[in-house]
Amino acid sequence: MSLNVSQAATRDSGDPLLELRDVKTHFRTPRGIVRAVDGVSFTLDRGKALGIVGESGSGKTILSRSIMGLLPPKGAIRSGSIKFEGREIGNLGRKKMRDVWGKEMAMIFQDPMTSLNPLMKIGKQIAEPLKIHLGMDNTSALATAERLLQDVRIPEAHRRLSQYPHELSGGMRQRVMIAIALACGPTALFADEPTTALDVTVQAQILDLLEEQRKDRNMSLILVTHDLGVVAGHTDEIAVMYGGQLVEMAPTRVLFANMKMPYTEALLQSIPKIEDPSHTRLMAIGGRPPDLVNPPRGCRFAPRCPYVREKCENEMPPLEPAESPGHVYRCWYPVGSPEYLEFKERNEQAAAAGADVPVAIGGAA
Amino acid sequence: MAGTGTAHLRNAADTLLRVENLVVEFPVGRTGLKVNAVSGISLDVLRGETLGLVGESGCGKSTTGRAIMQLPRPTSGSVSFEGKELTSMGGDQMREARTRMQMIFQDPISSLNPRRKVRDIVMEPLTIWKRGTKADRDQRVDAVLEEVGIDPQRAAESQPHQFSGGQCQRISIARSLVLDPSMIICDEPVSALDVSVQAQVLNLLEDLKARYGLTLVFIAHDLAVVKNISDRVAVMYLGKICEVAGSDELYRRPAHHYTNVLLSSIPVPDPSIAVQRHPIEGEPPSPVLPPPGCRFHTRCPAAEDRCAAEEPQLREIGDGHFVACHFPVHGGDAPVAVRSSSSAG
């Protein structure tokens, strides 16, 4: 996937699978308009894995639901263009989206317990989309369901068809969710925090399974998560969201090797690393994500940024291309710039003089 | 892991908490079966130390934390805190003892009363125990709130829902601190928080620990978080302890196959690091009918016949490093690389 943002465009050959242009999703609330997704543009190529990363409230889940057309019918104000295989789907109603769901796009959710129908047998839940979308009869739908359960490595697949969700463990249920999502052979699979509710050993199994299925089926995968660790090993490209906007996007290796946006850097630094000795001081990000009813006038990260200058508070930086193709970022004084280095040195001196770490933990109150 | 035994307990004068052969069982309806949540574990924590308890869901780590608090009382075993045996204490004595050992929980919002003002929530332990005069109590509450980074003025006017998750966890920490406890049991205190906020809370716990000389029992499933905050780590599986070691030692040279699997399952936030994976099949068996012998043998990559027949005991393989395994990854000598880096990073 590459970016397609006005001047930042450098597109790979071939038609993109998904093309977003200035997508906005706002909500009317008693407090005012919440700008949950505020002008996101990018393209995603067929068969690629994209990670969308951000904190709670960054707009990552609303963005994926906007693309899927899964927003609440009331209160949402949408604009911008979403093209899927060249066809505009941003303005389709629920009824028309039904033809897209399952066959072209499918989604798996965070909580495998509440996303399955507790009163319906596993086999029937997998067979349902096969009958509705592909017009299969009951017998062949159940046979396909069994094969899907084998694909997602569920042992004793035949017996599972007649079991209920509560008879399966959390990891098994998430595999069933994946089987349902894969049933109609979608070209894009959205996974919203698919492993957050799972244990670490099971999480690794599920991520491997998703990657294997993506490759086998030449399917695109959009992995939405707050965990940079999860996306590092399982995506081709990463989009970092903050305050409803895309703040940095790059091929995964480029992003980790050469991140430009101080927010991306701060997000990575705040994770405890297994390689570091115990009691290593963590680089917390002070403060809180912005209020999306009244977002900051300039850069939305400015109030929490340790390298902030006056310009950042007054003017919103555009998405700019970096040296590597496909790498864009939104920052006036990116990581590595002279201004960044100057303030980094200043922060380090302040820290050495007894002030708390460069990214202060204060102000969180 | 399946290990029992007390070889890893230390005979130190400044032991604050000593748990021996702790067993917690819950009946399963009227079937006569029981959930073997905790099956004979032993732990000790020195004054000022942080002990990490790590394992997957259902391994008994939270039950262990609660059984230390006698909530509920364990089925058998001994829990000695500040030199006093808790399991035989009466209700009043136990209530008194709990002022010295406090607990904070995973979900910071639901563990605070939604209808009360935050300052009153933090004040309540002092009121119940009638500590000092009204003025003393006010002063104490304001000081503790300042300490955790919550504005006392705002706390006096606001209810928990007006604060974010990270702030609510700070409030829970303030509440646990007002009685000046010697030990805090933290049950997954940062799992519900965003990484950036998680770092704030972990740093805060480290600061408070230093300032108040606290002893922490830190329960979590995230190995990187546990490593960051702990001095010593105990790895649990299905109600048993597999391995105990100093945290740097444990992560550098895991000796139990389960620890190895856990470590290699962690997603690494760096695509240039090639993780040497030790894939594991399936999920933990049911604690209602735990496997005989070593409880990990059904999933262990190195299991042999002996593992199904005989339960391994915890034994020392290095300085302060104990493992309950018949065939450990290493005997304590050769270093084991869990991952190799393809670049300098």
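The values are calculated or read from the model by the stated rules, or taken from the named source; none is laboratory data. Given the structure is predicted, the values throughout are model-derived calculations rather than measurements. Every residue, glycine among them, receives a Cβ derived from its backbone with ideal geometry; neighbour counts consider all protein chains shown.
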Self-check item: Hey, B:P254 within 14 Å of chain A (Cβ to nearest Cβ) and over 30 Å from B:R115 (Cβ atoms) or not
Solution: yes
Quiz item: In region B:155-191, what residues are surrounded by fewer than 22 Cβ atoms within 10 Å (Cβ to Cβ), more than 13 Å from B:I121 (Cβ to Cβ) and within 11 Å of chain A (Cβ to nearest Cβ)?
Solution: B:S164, B:G165, B:S191
Exercise. With the checklist (1) outside any loop (DSSP other than H, G, I, E, B); (2) of a type in the set (G, A, S); (3) away from chain B (no Cβ under 14 Å) in hand, flag the one item A:G47 doesn't pass.
Key: (1)
Quiz item: Got a sec? Which strands (runs of 3 or more DSSP E) wholly within region B:281-345 have at least 2 residues that are modelled with pLDDT under 90?
Solution: B:339-341
Quiz item: In region B:227-251, how many are away from every other protein chain (no Cβ under 11 Å), under 17 Å from B:L51 (Cβ atoms) and aliphatic (A, V, I, L, M)?
Solution: 6
Quiz prompt | So A:I82, is it of a type outside the set (G, A, S), farther than 30 Å from B:G166 by Cβ, in contact with a helix residue (DSSP H, G or I) (Cβ under 6 Å, 6 or more places away or on another chain) and not assigned by TED's automatic domain parsing to the domain that holds A:L134 | solution = yes
Quiz prompt | Of the criteria (1) closer than 24 Å to A:G57 by Cα; (2) within 9 Å of chain A (Cβ to nearest Cβ); (3) free of Cβ contacts under 8 Å to residues at least 40 places away in the same chain, which one B:L204 fails | solution = (3)
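The rows are residues; the columns are (1) touching a helix residue (DSSP H, G or I) at 6+ places or on another chain (Cβ under 9 Å); (2) surrounded by 22 or more Cβ atoms within 10 Å (Cβ to Cβ); (3) without any contact (Cβ under 8 Å) to a residue 12 or more places away in the chain.
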position: B:P254; (1), (2), (3): yes, yes, no
position: B:L262; (1), (2), (3): yes, yes, no
position: B:R277; (1), (2), (3): yes, no, no
position: B:E281; (1), (2), (3): yes, no, no
position: B:P291; (1), (2), (3): yes, no, no
position: B:R295; (1), (2), (3): no, yes, no
position: B:T298; (1), (2), (3): yes, no, no
Exercise. Tell me, yes or no, whether region A:40-62 has at least one residue that is of a type in the set (D, E, K, R) and within 23 Å of A:P290 (Cα to Cα).
Key: yes
Quiz item: Residues in region B:261-302 that are under 18 Å from B:I241 (Cβ atoms), among the hydrophobic types (A, V, I, L, M, F, W, C) and more than 14 Å from chain A (Cβ to nearest Cβ): how many?
Solution: 1
Quiz item: Scanning for something closer than 30 Å to B:P292 by Cα, part of a strand (DSSP E or B) and touching a residue at least 12 places away in the same chain (Cβ under 8 Å), does region B:181-198 turn up at least one residue?
Solution: yes
Self-check item: Scan of region A:185-219 for residues that are of a type in the set (S, T, Y) and in contact (Cβ under 8 Å) with a residue 24 or more places away in the chain, ordered by number
Solution: A:T187, A:T195, A:T196
Quiz prompt | For B:A224: the one exception among (1) within 12 Å of chain A (Cβ to nearest Cβ); (2) small (G, A, S); (3) surrounded by fewer than 18 Cβ atoms within 10 Å (Cβ to Cβ) | solution = (3)
Self-check item: Sole exception among (1) touching a residue at least 24 places away in the same chain (Cβ under 8 Å); (2) surrounded by fewer than 23 Cβ atoms within 10 Å (Cβ to Cβ); (3) within 21 Å of B:G282 (Cβ to Cβ) for A:E146, by number
Solution: (1)
Quiz item: With A:S64, A:S58 as the choices, which residue is surrounded by 16 or more Cβ atoms within 10 Å (Cβ to Cβ) and more than 13 Å from A:I222 (Cβ to Cβ)?
Solution: A:S58
Quiz item: Restricting to strands (runs of 3 or more DSSP E) lying wholly in region B:7-90: which have 2 or more residues that are of a type in the set (S, T, N, Q) and in contact with a strand residue (DSSP E or B) (Cβ under 9 Å, 6 or more places away or on another chain)?
Solution: B:15-27, B:34-46, B:76-81
Exercise. Determine whether region A:4-16 contains at least one residue that is modelled with pLDDT under 95 and β-branched (V, I, T).
Key: yes
Quiz item: Where residues in region A:155-177 are away from every other protein chain (no Cβ under 13 Å) and hydroxyl-bearing (S, T, Y), which of them is surrounded by the fewest Cβ atoms within 10 Å (Cβ to Cβ)?
Solution: A:S162
Practice problem: Take region B:73-91 and flag every residue that is loosely packed, with under 12 Cβ neighbours inside 10 Å and either at pLDDT 95 or above or among the polar types (S, T, N, Q) (or both). | Solution: B:E85, B:S88
Quiz item: Conditions: (1) of a type in the set (D, E, K, R); (2) under 22 Å from the mean Cα position of the chain (by Cα); (3) not in a loop (DSSP other than H, G, I, E, B). A:E313 meets all but one. Number of the miss?
Solution: (2)
Quiz item: How many of the residues in region A:234-265 are touching a Cys at 6+ places or on another chain (Cβ under 8 Å) and within 11 Å of chain B (Cβ to nearest Cβ)?
Solution: 1
Quiz item: Does A:Q150 meet the test of being in a helix (DSSP H, G or I) and either basic (K, R) or at pLDDT 90 or above (or both)?
Solution: yes
Quiz prompt | Residues of region A:178-208 classified as part of a helix (DSSP H, G or I), within 14 Å of chain B (Cβ to nearest Cβ) and touching a strand residue (DSSP E or B) at 6+ places or on another chain (Cβ under 7 Å), total | solution = 0
Quiz item: Just for region A:271-294: of the residues that are buried (at least 17 other Cβ atoms within 10 Å of the Cβ) and closer than 14 Å to A:G243 by Cβ, which one is nearest to the other protein chains (Cβ to nearest Cβ)?
Solution: A:I285
Quiz item: What number of residues in region A:153-177 are part of a helix (DSSP H, G or I), within 15 Å of A:M113 (Cα to Cα) and of a type outside the set (A, V, I, L, M)?
Solution: 8
Exercise. For region B:211-240, name all the residues that are of a type in the set (K, R) and within 18 Å of A:Q203 (Cβ to Cβ).
Key: B:K227
Quiz item: Of all helices (runs of 4 or more DSSP H) completely enclosed by region B:205-268, which ones contain at least 2 residues that are among the polar types (S, T, N, Q)?
Solution: B:257-265
Practice problem: Tell me which of these B:I109 doesn't satisfy, since it passes every other one: (1) buried (at least 17 other Cβ atoms within 10 Å of the Cβ); (2) part of a helix (DSSP H, G or I); (3) within 14 Å of chain A (Cβ to nearest Cβ). | Solution: (2)
Practice problem: Determine whether region B:60-72 contains at least one residue that is out of contact with any Asp or Glu (no Cβ under 6 Å at 6 or more places or on another chain) and surrounded by fewer than 16 Cβ atoms within 10 Å (Cβ to Cβ). | Solution: yes
Practice problem: Working carefully through the options A:S66, A:S58, find the one that is in contact with a strand residue (DSSP E or B) (Cβ under 6 Å, 6 or more places away or on another chain) and part of a loop (DSSP other than H, G, I, E, B). | Solution: A:S58
